[in-house]
Amino acid sequence: MKVFPSLLSCDFSNIAKEIVEVERAGADALHLDVMDGHFVPNLTFGPPVIAKIKKATSLPLDCHLMVENPDQYVPELAKIGVDRITIHVEACSHLQRSLQLIRSHGIKAGVSINPATPYESIEWVLDQLDLVLSMTVNPGFGGQSLIPAALDKTERLIQWLDKKGHKGKILVQIDGGVNEKTAPLARKIGVDIVVAGNAVFGNPDYKKAIQELR
Ligand code: DX5
Ligand code: ZN
């Protein structure tokens, strides 16, 4: 299982150092939580900060856009050279078009579903997808507890993708409340990637934290 630390929980007064340390500790990519204060009740950072992060690391950048109108950020993020852009099904009126826009820039496209969103909502865009991000908390904040029903749904989602012949082609990622107790459950159901904020940056030993989750 791959581990993507979420910078949301890092020490932002020392962000360059945090990035170097988490890269040295074996992170597979950096997960960047972009929040606009509208789609979620919190604000974080956007393209100008991501451009600086890009300069500080050789790790792939996994952008999780928790914003309304995500299309408007795609060209700028593409120019920066991010690896993947994940948008929320609940934030897109024209999801198929938004996913095509991401891919047209040569970037991997992901779609995220909130804990209460049925996975069938992505049924007709599966061909436009490289990743499904199943939220295991309601998006907006780090440090929340994993919602068990969201993990049960993820298990069904994985079986459903498998049945539809997308296993291995579309990766499944979970985000929220991943720690040393919940990561083994994710692994058991076949999750490909876990995002972890507090479980990595809240541990004094990032390497040990990442290894434990993996
Ligand atoms: C929440 C974000 C997560 C967050 C996870 O909306 O999408 O990426 O950083 O934090 P933890 O791992 O602490 O639950
Ligand atoms: Zn996230």
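Bear in mind that the values in this text are calculations on the coordinates, not laboratory data. Just so it is clear, the structure is predicted and the values come from calculations on it, not from any experiment. As a convention, Cβ positions derive from the backbone with ideal geometry for all residues, glycine included, and neighbour counts pool all protein chains shown.
Within the option set 89, 178, 200, being within 13 Å of the chain's Cα centre (by Cα) and aliphatic (A, V, I, L, M) holds for one residue only, 178.
Please state which one of 154, 117, 86 is of a type outside the set (D, E, K, R), outside any helix (DSSP H, G or I) and farther than 22 Å from residue 49 by Cβ.
Values: 154 fails: outside any helix (DSSP H, G or I); 86 fails: farther than 22 Å from residue 49 by Cβ.
Exactly one of 154, 117, 86 is of a type outside the set (D, E, K, R), outside any helix (DSSP H, G or I) and farther than 22 Å from residue 49 by Cβ, namely 117.
The residue pairs whose first member lies in the range 32-58 and is on the phi < 0 side of the Ramachandran plot, whose second member is of a type in the set (Ser, Thr, Tyr) and assigned to a loop (DSSP other than H, G, I, E, B), and whose beta carbons are closer than 7 Å, counting only pairs six or more residues apart or on different chains, are 33/44; 34/44; 35/44. For the range 1-45, the set of residues classified as in a strand (DSSP E or B) and of a type outside the set (Phe, Trp, Tyr) consists of 2, 3, 5, 6, 30, 31, 32, 33, 34, 35, 36, 43, listed by residue number. Which residue, of 136, 154, is within 14 Å of ligand 1 (Cβ to nearest atom), of a type in the set (Val, Ile, Thr) and either under 13 Å from residue 113 (Cβ atoms) or touching a residue at least 24 places away in the same chain (Cβ under 8 Å) (or both)? Selected residue: 136, the only one of 136, 154 that is within 14 Å of ligand 1 (Cβ to nearest atom), of a type in the set (Val, Ile, Thr) and either under 13 Å from residue 113 (Cβ atoms) or touching a residue at least 24 places away in the same chain (Cβ under 8 Å) (or both).
Here is the figure for the range 1-29: residues that are within 11 Å of ligand 2 (Cβ to nearest atom) and surrounded by 21 or more Cβ atoms within 10 Å (Cβ to Cβ) total 5.
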